[in-house]
Amino acid sequence: TNSIGMKLRVIPPGTFTMGEGNDAHEVTLTKPFMIGVHEVTQAEYQTVMGVNPSRFKGSLNPVEFVSWNDATEFCRRLSLLPREKRAGRVYQLPTQAEWEFACRAGTTTEYSFGDDESLLSGYGWSEENSGSKPHPIGSKLANPFGLYDIHGNVYEWCQDWHGD
C-alpha cells in the first residue's frame with residue numbers, strides 16, 4: 001500500500017500470447033512490475049490532482065473522464081509525493097503488454113476466469129449489467145493475480161497507446 005492508500009501488487013515476469021487471431025504473437029516480460037489492485041479511485045485522484053473530473057461521483061468509484069495526458073500527469077505527481085520519493089517509487093501507466101499480461105493472470109483462456117462468457121458478469125461491469133455507469137472498485141471477483149475490474153467498469157489507459 002502506498003502513501004495515499006493505493007494497494008499495489010507485484011506481477012511476476014512471464015511469457016504469454018498477446019492479441020487475437022492474426023495479430024496474436026508471443027511476448028515475454030523479463031522483469032516483475034507493480035500494478036494497482038484496483039482502478040484509481042476518485043478519492044485517490046482528488047488527493048493527488050486536487051480535482052475530480054468524474055461525472056458519476058463516489059469516492060470509491062473509479063475516476064473517469066480523464067485523458068491519457070491526465071493519467072500520465074497523475075502518475076508524475078504521485079511519483080513526486082515526498083513519501084513516494086523516499087520509497088523510490090516511480091509511477092507510470094502500464095504498457096499494453098504489461099496490462100494484458102496482468103489481465104490474463106497467467107491463463108491461456110479467453111478470460112482470466114476461463115472461456116465461459118456467461119461468467120463475465122461475476123468479474124466485470126459491462127453494458128448489460130452496469131446501468132451505463134461506473135461502480136465502486138472491487139465489487140466484482142478478482143482475477144487469479146488478485147486484480148479487480150480488469151474486465152469492465154471503466155477504460156484503462158496504457159503507456160504506449162494514445163488515442164481517443
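Structural remarks
- Dipole magnitude of region 10-149 about its Cα centre (Cβ charges: Lys, Arg +1; Asp, Glu -1), debye to nearest 20: 1060 debye
- Region 115-153 residues near the modelled T107 label - backbone nitrogen below 14 Å, point 7 Å along Cα→Cβ: 115-125, 141-152
- Accessible-area ranking of R89, R76, R55, largest first, probe 1.4 Å: R55, R76, R89
- Angstrom value of the Kirkwood radius, inverse mean 1/r, which spans all Cα pairs in the chain: 16.7 Å
- A Förster radius of 41 Å combined with the Cβ-Cβ distance from S118 to L80 puts the calculated FRET efficiency at roughly 0.35.
- Note on region 49-109: Cα convex hull, mean projected area over all directions, 6.0 nm².
- Mean sequence separation of contacting Cα pairs (under 8 Å, at least six apart), scaled by the length of the chain, corresponds to a relative contact order of 22 percent.
- Among D115, D23, D70: highest mean-square fluctuation, GNM of the chain, C-alpha pairs under 10 Å: D23
- Range in the chain, longest, excluding exposed GluC sites (Glu not before Pro) [loop by DSSP; at most 12 other beta-carbon atoms within 10 Å]: 21-126
- Of the accessible area of the chain, computed with a 1.4 Å probe over protein heavy atoms only, carbon and sulfur atoms account for 52 percent.
- Label-point gap, in nm, between T1 and A24 - each point 7 angstrom along Cα→Cβ: 4.1 nm
- For region 99-149, convex hull volume per residue from C-alpha positions, Å³: 78 Å³
- Summing Lys and Arg as +1 and Asp and Glu as -1 over all other residues whose Cβ lies under 10 Å from the Cβ of Y155 gives a net charge of -3.
The values are calculated or read from the model by the stated rules, or taken from the named source; none is laboratory data. Just so it is clear, the structure is predicted and the values come from calculations on it, not from any experiment. When we count neighbours, we look across all protein chains shown, and the Cβ atoms used for this are built from the backbone with ideal geometry, even at glycine. Areas reflect the complete protein model, heavy atoms only, side chains present, ligands, DNA and RNA absent. Shrake-Rupley method; radii C 1.70, N 1.55, O 1.52, S 1.80 Å.
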